[in-house]
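Undergrad: Got a structure here, written out as structure tokens. Questions coming.
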Amino acid sequence: MKEIKIVKLESTVSVSVTGTVCYLNCKHCGSHYLESMVPINKTDHIPLNTKSLLISGGSTPDGKVPIMDHIEEIKKLKNFKLNFHTGLVNEREAMEISKIADAISFDFVGKDETIKKVYNLNAKVEDYVRSLENLLKFKKAVYPHVTVGLDCGKISHEYKAIDILSSYQLEKVVFLVFIPTPMTYFEKCQPPKIEEIKAVFGYARKKFNCDLNLGCMYPKGNLRDEIATAAVEAGFNTITQPSEKLTESLRKSGYKLTFQDECCIF
């Protein structure tokens, strides 16, 4: 019987170490997603049913999330499982973060031009490769994230990112899909066409021998079911926040479903 994990996010809370501040003002986000996070100085507001935290935040000019500036505050949160969204890291930062991390989520981009255009960042793919390798030196639970359509909904870096990542021994890779977000530079862009998304998902399944997750960030509406279905058809292992309609359809189709209420990487 085919098995799929269904993630319904109820027990993971996102914490920002920078509040709503981000130096880069990336074109797909524009600090929008920081607004829904709990600031690091208000973690006493975390709901009682919380099991795990995503430690994230805005970026510095050099593409780092300044986790090290708040490491002592974060250590006090070890009663929760901790997933870190790090940005670029050097070896020392990777070592220190790995000591307290239960998991590390690392956004990976496979094309220099995409990094520059979307993130407004003077970094190269080799900087992302170096950061990934720094993290993997100290932690096995490092989970690269690849956003399909990151460049204004166009397919640009995805296949190269998959090619690079497939050369590493990874436990899982998470795929996201570009969301046109109001009040951002890319707000009028369209998500990738479903055929393009299917092609990327299918290519990923051929290249990776590890688990593949559809993460929480992908468009809502009818396209959401189409994307989740594409992930299922490509052989993904985990689907995050699918509709009740799709969940029931999978059950009726004979899938064995398991359910999780925390971030998909746990």
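The values are calculated or read from the model by the stated rules, or taken from the named source; none is laboratory data. This structure is a prediction, so every number in the text was calculated from the model and none was measured. Here Cβ is always computed from backbone atoms with ideal geometry, including for glycine, and neighbour counts include all displayed protein chains. SASA here: full protein model, heavy atoms, side chains in, ligands and nucleic acids out. Shrake-Rupley method; radii C 1.70, N 1.55, O 1.52, S 1.80 Å.
Undergrad: Looking at segment 113-138, which of its residues are surrounded by fewer than 16 Cβ atoms within 10 Å (Cβ to Cβ), touching a helix residue (DSSP H, G or I) at 6+ places or on another chain (Cβ under 7 Å) and in a helix (DSSP H, G or I)?
TA: Scanning segment 113-138 gives a single hit, K137.
Undergrad: For segment 204-222, what are the residues that are open to solvent by 40 Å² or more (accessible area, probe 1.4 Å) and under 24 Å from L9 (Cα atoms)?
TA: Of everything in segment 204-222, those that are open to solvent by 40 Å² or more (accessible area, probe 1.4 Å) and under 24 Å from L9 (Cα atoms) turn out to be D211, C216, M217, K220, G221, N222.
Every residue, every condition in (1) closer than 18 Å to L150 by Cα; (2) modelled with pLDDT under 95, yes or no:
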residue: K188; (1), (2): yes, no
residue: I194; (1), (2): yes, no
residue: A199; (1), (2): yes, no
residue: G215; (1), (2): yes, no
residue: G221; (1), (2): no, yes
residue: E233; (1), (2): no, no
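Undergrad: Can you confirm whether segment 98-107 contains a residue that is under 18 Å from I67 (Cβ atoms), aliphatic (A, V, I, L, M) and surrounded by fewer than 22 Cβ atoms within 10 Å (Cβ to Cβ)?
TA: yes
Undergrad: Just checking, how many residues over segment 75-87 are without any contact (Cβ under 8 Å) to a residue 60 or more places away in the chain and buried (at least 22 other Cβ atoms within 10 Å of the Cβ)?
TA: Total satisfying the criteria: 3.
Undergrad: Exactly one condition in (1) over 20 Å from A103 (Cβ atoms); (2) surrounded by fewer than 18 Cβ atoms within 10 Å (Cβ to Cβ); (3) at pLDDT 95 or above is not met by I71; state its number.
TA: Here I71 clears every test but (1).
Undergrad: Further question on the same structure: Any residue in segment 233-251 that is crowded, with 20+ Cβ neighbours inside 10 Å sitting within a Cβ distance under 6 Å of a residue that is modelled with pLDDT of 95 or more and part of a loop (DSSP other than H, G, I, E, B)? List the pairs, counting only those 6 or more apart or interchain.
TA: Correct list of pairs: T238/C264; T240/G215; T240/C216; T240/C264.
Undergrad: To continue, here is another question. Residues to consider are G221, G215, G202; find the one that is within 26 Å of K139 (Cα to Cα) and of a type in the set (G, A, S).
TA: On inspection, the qualifying residue turns out to be G215.
Undergrad: Given the conditions (1) touching a residue at least 60 places away in the same chain (Cβ under 8 Å); (2) open to solvent by 10 Å² or more (accessible area, probe 1.4 Å); (3) touching a strand residue (DSSP E or B) at 6+ places or on another chain (Cβ under 8 Å), and given that P191 satisfies all but one, which numbered condition is not satisfied?
TA: (1)
Undergrad: What pairs can you find where one residue is in segment 156-176 and closer than 17 Å to L214 by Cα and open to solvent by 10 Å² or more (accessible area, probe 1.4 Å), the other is acidic (D, E) and in a strand (DSSP E or B), and their Cβ atoms are less than 7 Å apart, with a gap of 6+ or different chains?
TA: E171/D211; K172/D211
Undergrad: Out of F201, F186, report the one residue that is aromatic (F, W, Y), within 16 Å of the chain's Cα centre (by Cα) and surrounded by 17 or more Cβ atoms within 10 Å (Cβ to Cβ). Let's see the steps before the verdict.
TA: Numbers: F186 fails: within 16 Å of the chain's Cα centre (by Cα).
The unique qualifying residue is F201.
Undergrad: If I ask for residues that are of a type outside the set (D, E, K, R) and open to solvent by 40 Å² or more (accessible area, probe 1.4 Å), which ones from segment 256-266 would you list?
TA: T258, F259, F266
Undergrad: Would you please name the residue that is least open to solvent (accessible area, probe 1.4 Å), looking only at residues in segment 1-45 that are part of a helix (DSSP H, G or I) and of a type in the set (S, T, N, Q)?
TA: T43
Undergrad: What number goes with the only condition from (1) out of contact with any Lys or Arg (no Cβ under 8 Å at 6 or more places or on another chain); (2) within 29 Å of G235 (Cβ to Cβ) that K2 does not pass?
TA: Condition (1) is where K2 drops out.
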